[in-house]
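One structure is given here, and the rest of the page talks about it.
The values are calculated or read from the model by the stated rules, or taken from the named source; none is laboratory data. The shown structure was predicted, so the numbers you read here are calculated from the model rather than taken from an experiment. Here the Cβ positions follow ideal geometry from the backbone for every residue, glycine too, while neighbour counts run over all protein chains shown.
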Amino acid sequence: MSKPLVQATGRRKESVARVRLSDGSGQVVLNGRPLEDYFPTMAIRMRVMEPLTLTQTQGRYDIEATLEGGGTTGQADALRLGISRGLVELEPDLRDPLKKAGMLTRDARIVESKKYGLKKARRAPQYTKR
């Protein structure tokens, strides 16, 4: 891949995506693997490519990303945010459509921490009468 034009970071739950956008033919490489291998589900691949589809920039940039932490959905949403932020940095006029579609907002929902005396965050031990 050529020298990156811009680097951006996306986060979701425990996942972190470091995204590098460079001029190219639309190739997407995630942790050294193509997009189709890394995310085999079509729905998740569409969710990841949504910012490019919305702004009609599919074949214009090569994307190389390092994903770590969390699960499939968290990583996909982190990558989506990273791509959106990178596009805005390259082309500031794309900010408005991406913002309206909600792709520049970091989803702040995370797992609630476990409390002492409870089994999970809110799940109490089962009450026994006798």
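Please work out which residue is nearest to Glu64 (Cα to Cα), limiting yourself to the stretch 75-129 and to residues that are in contact with a helix residue (DSSP H, G or I) (Cβ under 7 Å, 6 or more places away or on another chain) and β-branched (Val, Ile, Thr).
Top of the filtered list is Ile83.
Could you list all residues from the stretch 50-98 that are on the phi > 0 side of the Ramachandran plot and out of contact with any Asp or Glu (no Cβ under 9 Å at 6 or more places or on another chain)? Lay out the reasoning, then the answer.
At the first step, the residues of the stretch 50-98 found to be on the phi > 0 side of the Ramachandran plot are 56, 69-70.
The answer is Gln56, and nothing else.
Taking Gly82, is it at pLDDT below 95 and within 15 Å of the chain's Cα centre (by Cα)?
The answer is no for Gly82.
Counting only residues that are within 18 Å of Leu87 (Cα to Cα) and of a type in the set (D, E, K, R), which one in the stretch 13-44 is surrounded by the fewest Cβ atoms within 10 Å (Cβ to Cβ)?
Out of the qualifying residues, it is Asp23.
Tally time: how many residues in the stretch 50-81 are crowded, with 17+ Cβ neighbours inside 10 Å and either free of Cβ contacts under 8 Å to residues at least 12 places away in the same chain or among the basic types (Lys, Arg) (or both)?
Selection size over the stretch 50-81: 1.
So, Arg122, is that one over 17 Å from the mean Cα position of the chain (by Cα), assigned to a loop (DSSP other than H, G, I, E, B) and modelled with pLDDT of 95 or more or not? Full working, then the answer.
Working: over 17 Å from the mean Cα position of the chain (by Cα): yes; assigned to a loop (DSSP other than H, G, I, E, B): yes; modelled with pLDDT of 95 or more: yes.
Spelling it out, Arg122 is indeed over 17 Å from the mean Cα position of the chain (by Cα), assigned to a loop (DSSP other than H, G, I, E, B) and modelled with pLDDT of 95 or more.
Given the structure, is Gly117 exposed (fewer than 15 other Cβ atoms within 10 Å of the Cβ) and within 20 Å of Val19 (Cβ to Cβ)?
Spelling it out, it is not the case that Gly117 is exposed (fewer than 15 other Cβ atoms within 10 Å of the Cβ) and within 20 Å of Val19 (Cβ to Cβ).
Can you work out which of the residues in the stretch 102-114 that are in contact (Cβ under 8 Å) with a residue 40 or more places away in the chain and under 19 Å from Ala8 (Cα atoms) is surrounded by the most Cβ atoms within 10 Å (Cβ to Cβ)?
The first filter runs over the stretch 102-114 and keeps only residues in contact (Cβ under 8 Å) with a residue 40 or more places away in the chain, leaving 103, 106-107, 109-111.
Adding the requirement that they be under 19 Å from Ala8 (Cα atoms) leaves 103, 106-107.
Working: Met103: 21, Arg106: 12, Asp107: 14.
Ranking the qualifying residues of the stretch 102-114, first place goes to Met103.
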